[in-house]
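Structure first, then comments.
Just so it is clear, none of the values below were taken in a lab; they were calculated from the coordinates. Bear in mind the structure is a predicted one, so any value in this text is a computation, not a measurement. Ideal geometry is used to build each Cβ from the backbone, glycine not excepted, and the neighbour counts take in all protein chains shown.
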Amino acid sequence: MAFAALLLAAGLAAGCAATRPRVEGPTTADVEVDPRTGAPVLRTLEGQLLAVQAPPEVLSELARLPGARVRVAPTPRGGAIRVPGYVLLDPGDALPPYVGEVVATVDRVLVRDPATGAELVLQGPVARDLRRLTGAKVWVTGHLVGAGRLEPVHYGILRPAPEP
């Protein structure tokens with residue numbers, strides 16, 4: 001295991017040092033986390049490793065998504081790319097993700113997209129677990145069980161709930 005981590009660190013270091021960004025337009029990439037710094041890096045589908053410059057909240061969210069596939073609209077900047085945001089395509093379980101803020105009412109748990117206001121009602125045991133994350137930004141995957149209703153199978157926290 002330590003040897004694998006060492007190889008990954010060497011590969012990330014070599015990739016970041018040797019690669020000048022060659023991306024144009026929207027790009028699909030897999031998220032990796034540099035084991036030395038904890039900073040997220042993106043590996044394009046062509047194998048190019050890209051250091052990321054982004055707002056702190058975007059960097060924090062990407063660092064919580066190792067192994068996920070995202071779409072970004074990067075702008076090359078020096079030896080890195082500037083990324084104003086991202087779209088989560090696959091968090092790693094091959095199910096389509098829904099991203100939003102957890103909202104709990106007396107009788108329901110929802111994920112609300114802050115940009116559109118669209119809501120997805122969550123049900124089942126995982127939904128009950130998500131109730132405690134009210135206010136957090138999460139991704140959820142699962143099975144649609146009706147119009148606007150999802151039974152989550154997996155979830156991940158992108159931004160913790162604010163402190164009360």
Q. Residues of segment 97-124 being more than 20 Å from Glu32 (Cβ to Cβ), surrounded by 13 or more Cβ atoms within 10 Å (Cβ to Cβ) and not aliphatic (A, V, I, L, M), which ones?
A. Tyr98, Gly100, Glu101, Arg108, Arg112, Asp113, Glu119, Gln123, Gly124
Q: Hey, can you tell me all the residues within segment 107-164 that are among the aliphatic types (A, V, I, L, M), more than 20 Å from Val87 (Cβ to Cβ) and outside any loop (DSSP other than H, G, I, E, B)?
A: Val109, Leu110, Val121, Leu122, Val126, Ala127, Leu130, Leu133, Val145, Val153
Q: Can you tell me which residue among Arg77, Arg112, Arg82 is over 28 Å from Leu50 (Cβ atoms) and of a type outside the set (Phe, Trp, Tyr)?
A: Arg112
